[in-house]
Amino acid sequence: MSWRRHTGLAVRAMVRGDLAAISFMMFILLVVALSIDLAKWLDTVRARAEATDSPLWQVLFPYIGYRSTDIVTRLLTMACVAGGFVVTLLRHQRLDDVVLAAAGASPSLRLTALLISGVLLGTVQMAGENWLRPSAVKAQVAANLGDYGNRYHNTDVGTQWMRTDTRALRATVTRGPEAHLSNLMLFDGIDQPDLTFVLHAETVTPRGLRNVWTLKNVTIWEPGVSEPPDFEPTLDFALNISFEKLRWYGIDGYYLPNDVARVIAVTDTSEATPTAADAATALAVRKVAIFLPGIFAFLGVSLASLGTQGRRLSPFKLLALATVGYLAVVSVKVFWALGIHGVLSPMLAATLPALFALGLATLLQLYQAGYLPRPRRNTGSLP
């Protein structure tokens, strides 16, 4: 039966080969990335262990676990391209495809093996993007370790400017569970020739209602009015900035928990913080994450197959093909950056590089199968 052929010994052997090659490439990338990271941050890890009177291993091993989760999530697609490329060259050297073809096996067996490998690796990628990496980064920040601890542990992010279509505000931002603003200056009516009013408040804390804040020691000026400014000890005021956005201010969307990212991704032109596109792109990436490893493993296999025609391998041709695979992986990050900055819609930014890689791999397979025209070789005239 067809389903037995597509789940038989040959397919299972190919799946094991794919997973072994990709795992090995992931291990190499992980070791290199961890070596670079520890060379920079090991002293801070050691200082953290001394400050908490803990053995070094009790701080170092959790830190390595946090970093490994982040690195695997980031580099799994690269490992899939490289692993698919390498395993195809190994199969070519062992004549595996020739043996299967002689036994009457169709190319669908190889595609089935790639599909199974892609589903397994896609599950890992999806878990990393949606749950494991945000949790690992949060724990690393809480422990104040490494680059993320250095960037995000400090809740005081200094004086920041935020603006909407009609307002601009400047305040000292404190993020985290106790998020608040201090030394607030708000300029209303920036879209008009003259400002509507100017407001100053010493402290700003959440009121408990959506976008409503409690301002203390408030001074309000009305331009063009000769009367002295108004003073209010406390004032409930809508600032067009949500508490969730302020709590996670300055933290990249990739590291936000899903529930927080959904709140921040709500598009609202009156919001003063430019983070909606970032969070929306992160959510879109997490939706398509399950497809990326399989697609890029398929691309790696297709590129290597193009360089394995005949028994001899062309190193320079394989190097050029490997460069194409690397550029395809880099394009994923480029398109995601376009989504983060609002140049592309989040779903387009998440799906276009995957569709491009899938289309390129499919064209290569059709070309090798003879369904696309090949360039004619000039053999010269016969004597």
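The values are calculated or read from the model by the stated rules, or taken from the named source; none is laboratory data. On a predicted model such as this, the values are computed, not experimentally measured, just so you know. Backbone-built Cβ (ideal geometry, glycine too); neighbour counts: all protein chains shown. Accessible surface areas use protein heavy atoms only, side chains included; no ligands, DNA or RNA. Shrake-Rupley method; radii C 1.70, N 1.55, O 1.52, S 1.80 Å.
Some notes on this structure:
- Residue check for Ala127: among the hydrophobic types (A, V, I, L, M, F, W, C), under 30 Å from Phe187 (Cα atoms), surrounded by 15 or more Cβ atoms within 10 Å (Cβ to Cβ) and free of Cβ contacts under 8 Å to residues at least 60 places away in the same chain: no
- Qualifying residue in segment 368-375 (condition: open to solvent by 40 Å² or more (accessible area, probe 1.4 Å) and at pLDDT 90 or above): no
- Verdict on Leu313 being modelled with pLDDT under 90, open to solvent by 20 Å² or more (accessible area, probe 1.4 Å) and not in a helix (DSSP H, G or I): yes
- Within segment 246-273, restricting attention to residues that are open to solvent by 30 Å² or more (accessible area, probe 1.4 Å) and in a helix (DSSP H, G or I), the residue that is modelled with the lowest pLDDT is Val263.
- Residue check, Pro223 modelled with pLDDT under 90, open to solvent by 50 Å² or more (accessible area, probe 1.4 Å) and under 27 Å from Ala142 (Cα atoms): no
- Per the listing Leu299, Leu303, Leu364, Leu327, the residue uniquely farther than 30 Å from Arg247 by Cβ, more than 16 Å from the chain's Cα centre (by Cα) and surrounded by fewer than 18 Cβ atoms within 10 Å (Cβ to Cβ) is Leu327.
- Just one of the listed residues (Thr7, Thr44, Thr52) is over 26 Å from Tyr148 (Cβ atoms), polar (S, T, N, Q) and either open to solvent by 40 Å² or more (accessible area, probe 1.4 Å) or over 21 Å from the mean Cα position of the chain (by Cα) (or both), and it is Thr7.
- Positions within segment 316-359 being in a helix (DSSP H, G or I) and polar (S, T, N, Q), in sequence order: Thr323, Ser331, Thr351
- Of the listed requirements (1) closer than 24 Å to Ser305 by Cβ; (2) open to solvent by less than 60 Å² (accessible area, probe 1.4 Å); (3) small (Gly, Ala, Ser), Ala101 misses just one: (2).
- Residues that are at positive phi, touching a residue at least 24 places away in the same chain (Cβ under 8 Å) and open to solvent by less than 50 Å² (accessible area, probe 1.4 Å) do occur in segment 226-245.
- Residue count, segment 108-159 (criterion: β-branched (Val, Ile, Thr), assigned to a helix (DSSP H, G or I) and either within 30 Å of Arg170 (Cα to Cα) or touching an Asp or Glu at 6+ places or on another chain (Cβ under 6 Å) (or both)): 2
- When segment 175-200 is limited to residues that are under 30 Å from Leu256 (Cα atoms), hydrophobic (A, V, I, L, M, F, W, C) and assigned to a strand (DSSP E or B), the one that is most open to solvent (accessible area, probe 1.4 Å) turns out to be Met185.
- Whether a residue is open to solvent by 60 Å² or more (accessible area, probe 1.4 Å) and either in contact with a Cys (Cβ under 6 Å, 6 or more places away or on another chain) or polar (S, T, N, Q) (or both) was assessed, and Ser23 passes this test.
- Sole residue being outside any helix (DSSP H, G or I) and in contact (Cβ under 8 Å) with a residue 60 or more places away in the chain, chosen from Ala82, Ala105: Ala105
- Filtered residues of segment 220-245 (kept if over 27 Å from Pro177 (Cβ atoms), aliphatic (A, V, I, L, M) and not in a loop (DSSP other than H, G, I, E, B)): Ile220
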